[in-house]
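S.K.: Before anything else, here's the structure in question.
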Amino acid sequence: MTYRVRNIIVAVALALAAAMLALFYVANYKRHVQHSESTVSVLVAKGDIPVGTSGADILKHHMLVTSKVVQRSIVPGAISNADQVQNLVTTGPIYSGEQVTLRRFANHVQLGPRAQLHGTLRAISLEGDAAQLLSGTIKSGDHVDMLATWRYCGTDTCIVSRDVARNLLVLQAPDGVTSKLGTSQTGSIMLATSDRHDAQKVWWAAKNSIGWTLALRPVTNATDSPEDAESTGSMTVDGLNQTNANHFNQVGAK
């Protein structure tokens, strides 16, 4: 075999190898394109889902729908099974038509008190002594009423006591719940209150009243009596017979 013939054979072999590599590349690229164009099922939001929505509510109200999207458009963490968020809570808003991803969810432990807040509920923290906060007794998840006493005129006789807020959820029990917390020491408690009425009343009572305290509600079947208020006069005559009541009313009128 001459040198020239050998070079021709080598050149032909290299050309065939290059052609085979080109065919392999084209075929592989075609498969890749076809794969990226294939569709998969993911869950998208049927409507806007606000922060703090539990996965249980999302499933209960059918807030997710299945949608087909091309492979290359899948958002990282996208889910295809609604049960994946059953025990989670949203940490950010999910907008209508948006792919639902696990990145927008956290469990209740990670969220802490935030997991209990929704709608008009707001968290408010109060400082008080052991007696006010029921330290050593109260637990997160309990419900309480707040009672307060204050002056409603410029004299010491114009004093009234009443419930200022009822059925407040305890988000965090007093710091270091322990009976060793003396009445001269202070602790704190976090309560869930409505944004308009309860929050304002609770904060006003904590800052302006003569004194306030929390009252623990029953764990089950709690009921409320009609609204009432006690004043110096009502505390004096309540339960007395008419003669004694008239006597104190006459004294008070002088």
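The values are calculated or read from the model by the stated rules, or taken from the named source; none is laboratory data. These numbers come from a predicted model, not from an experiment. Virtual Cβ from ideal backbone geometry, glycine too; neighbours counted across all protein chains shown. Surface areas here come from the heavy atoms of the whole protein model, side chains and all, with no ligands, DNA or RNA. Shrake-Rupley method; radii C 1.70, N 1.55, O 1.52, S 1.80 Å.
S.K.: List every residue whose amide H lies under 5 Å from the amide H of THR91, counting only residues 5 or more places away in sequence or on a different chain, with H placed 1.01 Å from N in the peptide plane.
M.R.: Here the answer is GLY52, PHE105, ALA106, since their amide H atoms fall under 5 Å of that of THR91.
S.K.: Pop out the ³J(HN,Hα) list for the range 125-142 in order, Karplus 6.51 cos²θ - 1.76 cosθ + 1.60 with θ = phi - 60°, rounded to Hz; leave Gly and Pro as x.
M.R.: 3J(HN,Hα) across the range 125-142, in whole Hz: 10, 10, 9, x, 7, 4, 5, 4, 8, 6, 4, x, 10, 6, 10, 4, x, 6.
S.K.: Send over a whole-number figure in Å² for the accessible area per residue of the range 111-159, probe 1.4 Å. Before the final figure, lay out each step's value.
M.R.: Values: 2710 Å² over 49 residues.
About 55 Å² of surface per residue is accessible.
S.K.: Same structure, new question: If you roll a 1.4 angstrom probe over the protein chains with everything in place, what fraction of the accessible area of the range 81-145 belongs to carbon and sulfur, to the nearest %? Please list the in-between numbers first.
M.R.: Values: 1670 of 3570 Å².
The nonpolar share, carbon plus sulfur, comes to 47 percent.
S.K.: Read phi for every residue in the range 47-62 and hand back ³J(HN,Hα) as whole Hz from Karplus 6.51 cos²θ - 1.76 cosθ + 1.60, θ = phi - 60°, with x for Gly and Pro.
M.R.: Along the range 47-62, the couplings run x, 5, 10, x, 4, x, 7, 6, x, 4, 5, 4, 6, 4, 9, 6 Hz.
S.K.: Each residue of the range 212-222 in turn: what ³J(HN,Hα) in whole Hz from Karplus with 6.51, -1.76, 1.60 and θ = phi - 60°, glycine and Pro shown as x?
M.R.: Calculated HN-Hα couplings, in order: 8, 7, 9, 10, 6, 8, x, 5, 10, 6, 6 Hz.
S.K.: Given H placed on each backbone N at 1.01 Å, which residues far from ILE49 in sequence or on other chains put an amide H within less than 5 Å of it?
M.R.: Result for ILE49 returns ILE94, TYR95, SER96.
S.K.: While we're on this one: Using just the alpha carbons, could you tell me how many Å³ per residue the convex hull of the range 78-173 encloses? Display every interim value, and only then the final one.
M.R.: Working: hull volume 14.2 nm³, N = 96.
Normalising the Cα hull of the range 78-173 by residue number yields 147 Å³.
S.K.: Here is a further query. Determine the principal axes of the Cα atoms in the range 37-96, then give the extent along each, sorted from largest to smallest and rounded to whole angstroms.
M.R.: 35, 18, 18
S.K.: Please list, in chain and number order, the residues 5+ apart from ARG217 or on another chain whose amide H is under 5 Å from its amide H, with Hs placed from the backbone.
M.R.: Amide H neighbours of ARG217: HIS143, VAL144, ASP145.
S.K.: I need the peptides 126-138, 93-105, 210-222, 144-156 ranked by packing, meaning the mean over residues of other C-beta atoms within 10 angstrom, with the highest value on top. Can you show the working numbers first?
M.R.: Numbers: 126-138: 18.5, 93-105: 16.8, 210-222: 13.0, 144-156: 14.8.
Put in order of decreasing packing, that is 126-138, 93-105, 144-156, 210-222.
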